[in-house]
Amino acid sequence: MQGILVVMRGASIGSYASSRNYYLSPEDYEFLVAVLAYYFDLEDVTLSGGDPFVRKDFREIGDKIAAFGLRTTALTKGLPLFSKDGEKYIKEKAGNLSRIIFSIDFMDARRHAAVNLPLVSEKIAAKALAKTLTALEKSRKAGYRIDINCVVPPVDFGNKKEVRAAFHNTKRIIEFALESGVSKIKFIELDLKSTLGKPYIEEYFRNMKKAGYFGDMKT
């Protein structure tokens, strides 16, 4: 078995004493991974959510999994990793992770707010996005491999204004990744009726290249 994705409940955990608490404990995760590693040659574990870093016991969970010698990854929006303490704080949160994947879909604060923070003001959303990008850069400086997952929303290729905005955003994300030492970007398309069964990502980047967005890219 190459790897598994473990979806973690992202709430703040205080105690496992209640019999009505349905969260897995660090020992539960350790047992699950031990069984999978022994019987199925497990190599890679990705912890998702919610945001796994919201859990107070995330460091313990991640370290228990990493102790098996497995590649251990966390998928995050980035905000729980931000702190003025910087790299030291990130190491305290991330522990022995092999990799951190940041989900970044937009470099524009307004669009970022509309998708990720719809209940807050644009001003606050701008600060949140800046903190996420800072957390990414500090995570890399702390020694972690950093990847980016980016959802590419469907665009109407006949709408020039919509296409320009989408292509400009994608270019900004790629340039940021290059400047920040990101190891890999994965572009993900939404499974919508308009894209179902079509090579949408290929068409998107083919049109982006045709429009000249890669010719003057800062590298």
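The values are calculated or read from the model by the stated rules, or taken from the named source; none is laboratory data. This is a predicted model, so every value here is computed, not measured. For neighbour counting, all protein chains shown are included, and Cβ atoms are generated from backbone atoms with ideal geometry for every residue, glycine included. Areas reflect the complete protein model, heavy atoms only, side chains present, ligands, DNA and RNA absent. Shrake-Rupley method; radii C 1.70, N 1.55, O 1.52, S 1.80 Å.
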Quiz item: Restricting to region 172-188, what's the tally of residues that are part of a helix (DSSP H, G or I) and open to solvent by less than 30 Å² (accessible area, probe 1.4 Å)?
Solution: 6
Exercise. Quickly run through region 64-104 and pick out the residues that are over 27 Å from Ile174 (Cα atoms), open to solvent by less than 40 Å² (accessible area, probe 1.4 Å) and in contact with a helix residue (DSSP H, G or I) (Cβ under 9 Å, 6 or more places away or on another chain).
Key: Ile65, Leu70, Gly95
Quiz item: Applying the selection to region 112-127, what residues are surrounded by fewer than 17 Cβ atoms within 10 Å (Cβ to Cβ), under 20 Å from Gly50 (Cα atoms) and over 17 Å from the mean Cα position of the chain (by Cα)?
Solution: Ala114, Pro118, Leu119, Val120
Quiz item: Has region 47-63 got at least one residue that is surrounded by fewer than 18 Cβ atoms within 10 Å (Cβ to Cβ) and of a type in the set (Ser, Thr, Tyr)?
Solution: yes
